[in-house]
1. If you build the Cα gyration tensor of region 39-331 and take the root of 5 times each eigenvalue, what three semi-axes come out, in whole angstrom, biggest first?
2. I'd like to compare 63-69, 79-85: which one has the highest average count of other Cβ atoms within 10 Å, and what's the full order after that?
3. May I ask you to derive the relative contact order of region 39-331, considering only C-alpha pairs under 8 Å and at least 6 residues apart, and to give it as an integer percent?
4. If we count other beta carbons within 10 Å of each Cβ, what is the order of D285, D16, fewest first?
5. Just add up the charged neighbours of N55: K/R +1, D/E -1, any other residue whose Cβ is under 13 Å from the Cβ of N55.
6. What is region 136-265's relative contact order, in percent, from Cα pairs under 8 angstrom and six or more apart in sequence?
7. Which of V218, V53 comes first, and how do the rest follow, when ranked by fewest Cβ neighbours within 10 Å?
8. By per-residue mean of other Cβ atoms within 10 Å, what is the highest-first order of 262-269, 277-284?
Amino acid sequence: MSSPCIMSSNESIVFDPSIMQNQQKLPKEFIWAKGSSGFSPIQQPTQQENHDVLNEPLVDLDGYFRGDEVATKHAAELIHKACLTHGFFQVTNHGVDLSLIRAAHDQMDGLFKLPKEKKLRVQKNKGEMWGYSGAHAHRFSKQLPWKETFSFGYNYVGDQGRVERQHFRKFYEDGNSLLRCNSYPPCKEPSLTFGTGPHCDPTSLTILHQDQVGGLEVFANNKWQAVRPRQDALVINIGDTFMALSNGRYKSCLHRAVVNKERERRSLVFFVNPKEDKIVRPPQDLLNRDNEEKTKTSNRRRYPDFKWPHLLEFTQKHYRADFTTLQSFFQWLPSSSTSTSY
């Protein structure tokens, strides 16, 4: 029999947060704790207050937008260093009006407070990226995340920076990107579940604004560390696709979202993706520089070529994104029908 906060509907599970928030015992479908599926210690939920704070750089982009070459070089050095280690940094003076961000958060309130029946009218189907999802129950039946999401497509991304600028600008033109609104309701037993389980993003770049509740954590230096909420900042992190584009130089880091016992957490996330027909391979200039500098990644390609829609298909239809997504994808790719479509 289903738990009281979920209901069967058309052979899928419907997540009802209005009921869920009053449950004293966590439904079994949401339990990620030790022993549930033989998870390793880095996959176990723990109390949020026990974690260190990640010392990621806070990068001021004001000089970049003013054309200040010295300030731009300093910002690039901070970002480069972070991407070589854990792939996370925050930016201020990013050009996104804070009143627009506040308005977006207000709109999220309206979305997530809609009656369950209205939200289910735009529920995602398996394999789709757009629409409403309650605990990703359209895809999974256990180790469900304690959250609701609304996702929307976005089909253009502009300039992606100055390093190999022309290559990346062209690569992301007309990109098939995604905006996602996340709601993590309060949970009576937060030490047993996740808002989002440990994973590396399969996308290229992730741009996130989180509210002041906190909950985003990064596994760096062999321990979980919290990403400090900053109202005026955007959190940026490298995804698997960009790690492949950098030939493994930049890191797609394991991260997760924990839930709060008393407070709801909200976040806005923009996932940057390339156009469907783009082949993911490092720019030749970068490979040549690797050879010249004789770095650890020199004289070899770390990853084979692939197209973003193939990785998207893998993560939406065949594999639940975790900390080995990219490796598992390359094992799957030769045997899939997509491998013959280059």
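Any read-out appearing in this document is the output of simple, stated calculations on the displayed coordinates, not a laboratory observation. The model shown is predicted, which means the values in this text are computed figures rather than measured ones. Cβ atoms come from the backbone with ideal geometry, glycine included; neighbour counts cover every protein chain shown.
1. Numbers: eigenvalues 177, 97, 81 Å².
Output for region 39-331: semi-axes of 30, 22, 20 Å.
2. 79-85, 63-69
3. Details: 588 pairs, mean separation 62.4, N = 293.
Computed value for region 39-331: 21 percent relative contact order.
4. On the way: D285 12, D16 17.
With the fewest neighbours first, D285, D16 line up as D285, D16.
5. Charge balance in the 13 Å sphere: +1.
6. Details: 248 pairs, mean separation 36.5, N = 130.
Reported relative contact order: 28 percent.
7. On the way: V218 22, V53 11.
Lowest count first: V53, V218.
8. Numbers: 262-269: 18.1, 277-284: 15.6.
Final packing ranking: 262-269, 277-284.
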